[in-house]
């Protein structure tokens with residue numbers, strides 16, 4: 001089996017954080033989202049990450065921080081209108097590399113808390129399988145691929161969870177069980193994927209609809225561990241709040257926080273390498289690397305690398321790298 005991770009999007013909904021950085025490389029609780037994913041893949045499995053030309057250098061640098069053998073495949077695209085499409089990128093890799101193994105297919109902008117070992121152990125040779133999560137809200141569910149199952153077991157590792165239907169981003173649904181960007185496609189199904197991708201290169205979930213249309217069985221791994229699609233500012237903060245308990249801030253060892261500020265950390269706080277916080281109050285806030293925050297009140301804010309704030313009261317904002325905001329001259 002080989003792992004293929006889709007990381008080729010431009011993530012415009014998360015600008016300015018993703019103007020110069022791919023979404024899978026955004027830090028989540030102190031390390032890139034993609035690092036969380038790769039860390040769950042069993043040692044020895046070949047890993048390929050698909051990205052675009054705009055972010056290729058960032059992925060090359062990220063790869064150097066990992067000991068696992070990772071191949072970076074770069075689409076020759078620099079904007080959304082040039083992209084192959086998610087399914088098109090998978091199909092191109094299968095064709096060009098002559099892939100004949102089963103494929104663990106992952107999307108690089110999803111955080112999942114379950115064990116990939118459990119997922120892989122649930123896989124029955126030759127039968128596609130989808131990891132699904134009960135999001136608990138039909139309106140939220142409409143923005144994802146909806147899974148309907150024939151048989152539901154209380155055991156999340158049960159093989160009796162068989163997919164009855166799959167619908168990508170439906171207008172109406174009563175189901176709250178959503179696909180989570182984690183699946184296994186047996187090698188026997190890869191020719192179907194390549195064929196389907198010719199007409200539907202952007203419809204990654206559509207391959208499961210096509211497999212069902214052709215009478216193929218699909219299994220479903222249902223889990224209840226944390227899962228987040230990091231697709232927006234709100235989703236990014238929601239994931240951080242869920243993973244970083246109040247009172248347990250994630251602070252890089254090289255960050256500098258004075259005692260006054262430490263007493264004024266509320267909610268979920270993440271502070272990156274080399275960042276300095278002095279005489280400030282932070283709530284549900286993420287500070288990337290090498291920021292300076294002096295005499296500030298920040299609530300639900302995300303500051304990219306090397307931001308400098310002095311005497312600022314700010315709520316619900318994302319600031320691009322290198323932003324300087326001050327009411328007084330910086331020392």
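Here, each number is a calculation from the coordinates, and none is a lab measurement. Because the structure is a prediction, the values reported are computed rather than measured. We place every Cβ from the backbone using ideal geometry, glycine too, and count neighbours over all the protein chains shown.
Summary table
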item	result
Beta bridges by DSSP in the stretch 17-133, antiparallel share as percent, to the nearest 5	25
Spin-label pair residue 262/residue 195, simplified geometry with 7 Å Cα→Cβ offset, distance in nm	6.4
Top of 258, 295, 305 by mean-square fluctuation, Gaussian network on the chain, Cα under 10 Å	258
Acute angle (nearest 10 degrees) that the helix 233-243 long axis makes with the longest principal axis of the chain, alpha-carbon atoms	90
Distance (nanometres) between label positions extended 7 Å along Cα→Cβ at residue 252 and residue 171	4.8
Cα gyration tensor shape of the stretch 245-326, rounded if a/c is under 1.5, else prolate or oblate by comparing a/b with b/c	rounded
Förster radius 56 Å - calculated FRET efficiency between residue 327 and residue 148, Cβ distance, rounded to 0.05	0.50
Among 267, 88, 98, residue whose mean-square fluctuation peaks in a GNM of the chain (springs only between Cα atoms under 10 Å)	98
Computed E for residue 121/residue 53 - FRET, C-beta separation, R0 41 angstrom, nearest 0.05	0.65
The chain - mean residue ellipticity at 222 nm from DSSP helices (-39,500 (n - 2.57) per run, n ≥ 4, rounded to 500)	-5500 deg cm²/dmol
On Cα atoms only, tilt of 190-199 relative to the major axis of the chain in degrees	70
The stretch 1-83 - share of DSSP beta bridges that are antiparallel (%, nearest 5)	15
Gain on full stretching of the segment that runs from residue 273 to residue 1 - 0.36 nm per residue minus C-alpha separation	94.3 nm
Stokes-Einstein D (µm²/s) once Rh is taken as the Kirkwood radius of the chain over alpha-carbon pairs, at 4 °C in 1.567 mPa s	62
Shape metrics for the stretch 93-225, restricted to C-alpha atoms - Rg then Dmax, Å	14.1, 42
Pair residue 188, residue 67: separation of 7 Å Cα→Cβ label points (nm)	3.8
Tilt relative to the chain, helix 86-97 - C-alpha long axis, 0 to 90 degrees, to 10	70
Rounded to 5, percent antiparallel among DSSP beta bridges of the chain	30
Length released on extending from residue 235 to residue 137, taking residue separation times 0.36 nm less the Cα-Cα span	33.8 nm
